[in-house]
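Scroll down for the structure; my scribbles are underneath it.
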Protein chains: 2
Amino acid sequence: MSDRFEITHKDVFGRIGKLDTPHGRIETPALLPVVNPNEALVAPAEMRQFGATALITNAYIIYRNPRLKEAALAGGIHELLGFNGPIMTDSGSFQLATYGKIEISSEEIVVFQRDIGSDIGTPIDIPTPPDVPYERAQRELNVTLERIREATTCCGAEMLLAAPVQGSTHLDLRKQHAQLLSKLNADVYPIGAVVPLMESYRYADLSNVIMACKAGLALNKPVHLFGAGHPMMFALAVALGCDLFDSAAYALYARGGRYLTATGTHHLSDLAYLPCSCPICAAGDPELTERELGEHNLWVSFAELNTIKQAIVAGQLWELVERRCGYPALLQALRTIQKNCALFEPIEPLKSSFMYTGAESAARPDIARFLNKLKNLELAGRVLITTDRKKTRDMEHEFDATLLMKAPFGPYPQELAETYPIGQSEVPDPDYASIKSALKNLIALIRSKNVEATFAYDSMWNHDDLNELSSYATLLPL
Amino acid sequence: MSDRFEITHKDVFGRIGKLDTPHGRIETPALLPVVNPNEALVAPAEMRQFGATALITNAYIIYRNPRLKEAALAGGIHELLGFNGPIMTDSGSFQLATYGKIEISSEEIVVFQRDIGSDIGTPIDIPTPPDVPYERAQRELNVTLERIREATTCCGAEMLLAAPVQGSTHLDLRKQHAQLLSKLNADVYPIGAVVPLMESYRYADLSNVIMACKAGLALNKPVHLFGAGHPMMFALAVALGCDLFDSAAYALYARGGRYLTATGTHHLSDLAYLPCSCPICAAGDPELTERELGEHNLWVSFAELNTIKQAIVAGQLWELVERRCGYPALLQALRTIQKNCALFEPIEPLKSSFMYTGAESAARPDIARFLNKLKNLELAGRVLITTDRKKTRDMEHEFDATLLMKAPFGPYPQELAETYPIGQSEVPDPDYASIKSALKNLIALIRSKNVEATFAYDSMWNHDDLNELSSYATLLPL
């Protein structure tokens, strides 16, 4: 099953990939609109026009309705929904979380999903909410793990298996669970029970949960952020390594008269002008029906995915995330990521490579671009810049921030360690020009910030320009 | 003529207004697509679908072409173009700037514009380029002034008169010229000869020119930023008080295979995905014809205007400008504005009002929002916070920045002095709660920045919380 997902482009921790299912290929990052089998605001067959290549629906709702169940078993889920592309099914975990119990076993619903021809099936995990005691999270997580193990034995050879990662807001449990699940070699790894975090705008906590899960998951598997459907946080979630989203938001928000944008939500009644060019809004009339509002919400969601994919291809995902994080709670998340990125190791290698071919390479536009990236760093107080973290690990706690150093680039925070160009650079033993370039960028960074800098350096970094640097930083030979 | 423009909403220095012309009303901020009378990429009659209510075309091109001239004089410009809404005409100044001479006098072309029924006509001003010697700018500006004076006598009673402000990059000349022109009571004030600034991404210089012109112009007149058609800078220009734009960019960029967005430009050939939901991009095929590219460019331009108008209505224009200024040259412009806003006085009063009704008012969301605004301030070094600028004017030069102080809000930079809520607040003599709120916000601001603060305060500001403030700032009783 391991070749079903292929990654074609990477930027930050986001990627573009292809996930093969029995009913075709899903290009990720992908948004799977949630289709209610009883009453769809937008019919499944109409979803393709917005850019949807795959859908998600709820197997438990079908199972509970004799008419739908019979039809699904007889003709298959694709015929039932009138959609011939990939269909993922959820299991009833949401109903379990909402109503406290459901009338089916995990094994039964997995077998049912297999029998109705679902492309990606899900066992009944226990969606442990945020902030519960550690013991409860651990106990429920063990149940989830057992059910996933069981599902691997009954999901059949065709259907892809989704193995949800739980663990509440306990990051070590999230990581442990992710590591255990990775050994089961499932096809898709949803991150579960994060809806309460999103509903209360706890994007910083959400980011920590995603990072903890990613730290434990195999990096060659697609990750689904269960229940995430607001385009405002797609860029952030993709940058953290999420590949699949499902959106009931387009319909739920439309029902509440709410208009989605890539930077937030408006009540339609507050809008004198429609700030969008989608085919619905282009008509120019700010009075939208619920159906039209749902269509706008879909257009804007899929346009945001294209914006993200294009940013990945162009290597500008981080810039896009920053633009999207004007919303205070998202900004908080961005800062959390910058602080806690140690969780992210080990991290995958990334797209292109930077080949250092001599003094000229130190003047490449990539380095100027890297320097521009640096200028956006939030940096204040006492900052340690170290050329050898092993030797300075013990002093890091005395500083507000620690940066690493790499020639010809210069200083960089840990979170950029595996991104282009730092992570993909092939640099021989640094030469005079490359060290000069790095020191120049270090000086530029210090001068652009209000920081008290200390440069801890190995003998390799002895260079004429240390003299200039000493005007801006305390020098600390290692 | 003075009642032809009515302002209905304001935010920062931007506004929504209505400009009445013989062929109908233009809601501002408005984008007037440039239509080439010889070969239009998109026909005038088709422009309405994108949201255009008015067009601009070049009277000189029509005048020079015997067939077009005859048709325009016989049936009028509206019949010639097949567009029954407001049509503004340019005079040939651009051709003058490009080719060095043109074969018509300013008076002749104004009379011609009047005779073909133009809604807004323009004399032949001299578009002095940036960075020329002061004397040349002054000399040419006097010629322009004379021609505008002449135009007021021959433009007729129906046609609105556009009076371009020149002065190159000499800000005092721009302001002087604007003041002189304001006395002529024209209907529209274009800011001329800024295209070279935009072409070389000199947005900071552009902002200074706009601010200088606005400082001299009557605030109840619409201002046209001549030649500005890239949606990336609409928000900034509107926030600085520009009301009208004209776009040849949609067509020129399309001809060059360039794809406009609200945050920059892409070469179509670099786009693997189209980051947009407009009716062209929604079709999903990233191979666009020149015509389709032009249509996309129009859609995205008009959607950006709606986004700006909605931000004005919601009082969030400044936030939008910040989101749009991720592009480095625009960011530089934003910082320039923050520094040089003194030019802006006197400034118009703004939209809503903040009524202080007692201690509860100090806890309103408006104040939290104001505090959030403050957190985005670029602030470093030595900062003076003063409760009475008259008494501290002499010491300001010793500081990197000066903030004012108003209860219940707290510290604020001069550029927010006339914006909501500072400028529109009705606060009686500050009470204990309102001073406490202001001091709390001051402490929060200082703590969030790396600054060395001095608080210079009147006796009215004596308050228990000054004690806490003294941990964060030097206290200086006035």
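Observations on the structure shown:
- Among A:Thr169, A:Leu244, A:Met198 - extreme Cα towards positive end, dipole of region A:111-270, charges at beta-carbon: A:Thr169
- Cα centroid of region B:42-76 to Cα centroid of region A:300-329, whole Å: 40
- Position A:Lys375, label points 7 Å along Cα→Cβ, spacing to each other copy in nm (shortest first, one decimal): 2.4
- Considering only alpha-carbon pairs that sit under 8 angstrom and 6 or more positions apart, the relative contact order computed for chain B is 13 percent.
- A simple charge model with +1 on the Cβ of Lys and Arg, -1 on the Cβ of Asp and Glu and nothing else charged puts the dipole of the protein assembly as shown at about 820 debye relative to its Cα centre.
- With a 10 Å cut-off around each Cβ of B:313-320, the average count of Cβ atoms from other chains is 2.
- Pair A:Asp394, B:Lys18: separation of 7 Å Cα→Cβ label points (nm): 7.7
- For the pair A:Arg139 and A:Asp172 in one chain, pulling the backbone fully straight at 0.36 nm per residue adds 10.5 nm over the alpha carbon distance.
- For region A:66-73, the Karplus equation 6.51 cos²θ - 1.76 cosθ + 1.60, evaluated at θ = phi - 60°, returns couplings of x, 5, 5, 4, 4, 5, 5, 5 Hz by residue, with Gly and Pro reported as x.
- Estimated FRET transfer efficiency (B:Asn84, A:Glu146; beta-carbon r; R0 45 Å; 0.05): 0.05
- Nearest 10 degrees, 0 to 90: helix B:134-154 Cα axis against chain B principal axis: 60
- Efficiency of FRET from Cβ geometry, B:Tyr99 and A:Leu476, R₀ 51 Å, rounded to 0.05: 0.20
- Charge tally for A:Ile280 (other residues, Cβ to Cβ under 15 Å; Lys, Arg +1; Asp, Glu -1): -4.
- Once backbone amide H atoms are built at 1.01 Å from N, B:Leu403 has B:Leu384, B:Ile385, B:Thr386 as its partners under 5 Å, excluding neighbours fewer than 5 places away on the same chain.
- What a 1.4 Å probe finds exposed on region B:1-138 is 48% carbon and sulfur by accessible area, rounded to a whole percent.
- Förster radius 45 Å - calculated FRET efficiency between B:Thr153 and B:Thr265 (Cβ-Cβ, nearest 0.05): 0.55
- Summary for A:Tyr134: label point 7 Å along Cα→Cβ; distances to the equivalent points in the other copies, ascending, 7.3 nm.
- Set A:Lys69/A:Lys214; A:Lys69/A:Lys175; A:Lys309/B:Lys10; B:Lys221/B:Lys390; A:Lys214/A:Lys390 screened for pairs whose C-alpha atoms are more than 27 Å apart: A:Lys69/A:Lys214; A:Lys69/A:Lys175; A:Lys309/B:Lys10; B:Lys221/B:Lys390
- Taking the longest Cα principal axis of chain B as reference, the axis of helix B:432-448 is set at about 70 degrees.
- Computed over the Cα atoms of chain B, the ratio of the radius of gyration to the Kirkwood radius (Rg/Rh) comes to 1.02.
- Nearest-ten-degree value, helix A:365-375 long axis tilted from longest Cα axis of chain A: 80
- Here region B:180-306 exposes an accessible surface that is 51 percent carbon and sulfur, computed with a 1.4 Å probe and the other protein chains kept in place.
- Whole-angstrom gap from region A:153-189 to region B:101-160, using each part's C-alpha centre: 73
- Sorted shortest first, the distances from the A:Asp20 label point to those of the same residue in the other copies are 7.0 nm; each point sits 7 Å from Cα along Cα-to-Cβ.
- Furthest towards positive pole of dipole, A:Thr89, A:Cys325, A:Tyr472, structure part chain A, Cβ charges: A:Tyr472
- Positive-end residue of B:Ala178, B:Phe112, B:Thr153, charge dipole of region B:87-225 with Cβ unit charges: B:Ala178
- Charge dipole (Cα centre; +1 on Lys/Arg Cβ, -1 on Asp/Glu Cβ; no other charges) of chain A amounts to roughly 440 debye.
- Structure-based [θ]222 nm, chain A - -39500 (n - 2.57) summed over DSSP H runs of at least 4, per residue, nearest 500: -11500 deg cm²/dmol
- Bridges between two residues of region B:1-155, per DSSP, are antiparallel at a rate of about 60%.
- Interchain or long-range residues, amide H under 5 Å from A:His224's placed H: A:Tyr189, A:Ile191, A:Asp243, A:Leu244
- Share antiparallel - DSSP beta bridges, the protein assembly as shown, percent rounded to 5: 35
The values are calculated or read from the model by the stated rules, or taken from the named source; none is laboratory data. On a predicted model such as this, the values are computed, not experimentally measured, just so you know. Using ideal geometry, Cβ is built from the backbone for each residue, glycine included, and neighbour counts are taken over all protein chains shown. SASA here: full protein model, heavy atoms, side chains in, ligands and nucleic acids out. Shrake-Rupley method; radii C 1.70, N 1.55, O 1.52, S 1.80 Å.
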